[in-house]
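The values are calculated or read from the model by the stated rules, or taken from the named source; none is laboratory data. Nothing here was measured: the structure is a model prediction, and the numbers come from that model. Cβ sites come from the backbone with ideal geometry, for glycine too, and all protein chains shown count toward neighbours.
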Amino acid sequence: MTARYEQVQTLAATHPVVVLCVLLGVSRSGYYDWRGRAPSRRQSEDAQLVTELRVAFTQSRQTYGRPRLTRVLNRGAQRYGQRRIGRLMRLAGLHARRRRSFRPQTTQSRHDGPIAPNRLAERTAPPSRPNEVWVVDLTYLPTTAGWLFLAVVLDLYSRRVIGWAFADSLHTALPLAALRMALRQRQPPRGVLHHSDRGCQYASAEYRSWLHAYGLEASMSRTGNPYDNASMESFFSTLKTEALHGPPCSPADTQARVFDYLVTFYNRVRLHSALGFRSPVDFENLNH
């Protein structure tokens, strides 16, 4: 019964108490009697915890669910369980955006360019340092003026986005601009494994010449198997869910939202479960 009274109290700021009591199956007299009592220590802690949850949820851009919010609140001396955090999230009406389901989309690879072997699949261990394996891919973003295309370079070790570019077409210049940005930012040693799908852009002579000039070793996924580049597919799903929710906006606004998400949130703040709930930047700084 206490949990129902807590729900009434949480929602009373925006809904009539009489309606809430009917919906939750409690009496108004019982609720007001309960509210008149001095709050227990647990109730006081929960009230403070809800306040902290709201702040953390807002700072996560309303993207964190129970596991990540639990990690954020457990950074201090106090420790909280996920069940308690989940209960308080429900009471406070905090719901993370649902991630879009992963629907593989294969790449048209009908071209005469050379196909590199899948060297990434030959590796028996994940990357142990930055600039060991880069994965790349292209995706489309809906805007009010049609599709906007995005190319991204991701360091597989830390899942950090190290290069990106936008264009209104899928010409080779698009992924090449993202690659050039990654090369400027990282200045990698020779021998970085560069993994892509079999798209004509990555097999073009111009793109391959840049790989050769900087000593990047080409690797390509198998035909019609997007799971070979699952990290990039997962990243694009996260990006579209967290940065581009809601109706499409203009191409300029779409670019601004993606830029802000990558630079100020994804790389530096967003907790990544595969990195022990650290951000890509923190993971690199902690280990190297």
Checklist entry - When you scan region 157-196, how many residues do you find that are under 18 Å from A213 (Cα atoms), over 21 Å from the mean Cα position of the chain (by Cα) and in a strand (DSSP E or B)? => result 2
Checklist entry - Looking only at region 136-150, which residues are surrounded by fewer than 17 Cβ atoms within 10 Å (Cβ to Cβ) and part of a strand (DSSP E or B)? => result Y140, P142, G146, W147
Checklist outcome for this item: Checked against (1) charged (D, E, K, R); (2) crowded, with 16+ Cβ neighbours inside 10 Å; (3) over 22 Å from the mean Cα position of the chain (by Cα), R123 satisfies every condition except (2)
Next on the checklist: Checking the conditions here, which among R198, R186, R190, R208 is buried (at least 19 other Cβ atoms within 10 Å of the Cβ) and either among the basic types (K, R) or at positive phi (or both)?
Outcome noted: R198
Item to check | Contacts under 7 angstrom Cβ, first residue in region 260-288 being acidic (D, E), partner buried (at least 19 other Cβ atoms within 10 Å of the Cβ) and outside any loop (DSSP other than H, G, I, E, B), 6 or more apart | outcome: E284/R160
Checklist entry - Of all residues in region 72-111, which are modelled with pLDDT of 65 or more and among the charged types (D, E, K, R)? => result R75, R79, R83, R84, R87, R90, R97, R98
Checklist outcome for this item: Over region 247-288, the set of residues in contact with a helix residue (DSSP H, G or I) (Cβ under 9 Å, 6 or more places away or on another chain), loosely packed, with under 14 Cβ neighbours inside 10 Å and of a type in the set (D, E, K, R) is R268
Checklist entry - When region 112-131 is examined, which residues are found to be of a type outside the set (G, A, S), in a loop (DSSP other than H, G, I, E, B) and farther than 14 Å from L156 by Cα? => result D112, P114, I115, P117, N118, T124
Checklist entry - Within region 19-37, which residues are loosely packed, with under 10 Cβ neighbours inside 10 Å and either part of a helix (DSSP H, G or I) or in contact with a Lys or Arg (Cβ under 6 Å, 6 or more places away or on another chain) (or both)? => result S29, G36
Next on the checklist: So if I check each of Q43, Q48, which one is at pLDDT below 75, within 26 Å of E6 (Cα to Cα) and assigned to a helix (DSSP H, G or I)?
Outcome noted: Q43
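Results for (1) outside any loop (DSSP other than H, G, I, E, B); (2) within 19 Å of R123 (Cβ to Cβ), shown as yes or no for each residue.
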site: Q201; (1), (2): yes, no
site: R208; (1), (2): yes, no
site: L211; (1), (2): yes, yes
site: N229; (1), (2): yes, yes
site: S237; (1), (2): yes, no
site: L244; (1), (2): no, no
site: A252; (1), (2): yes, no
site: T264; (1), (2): yes, no
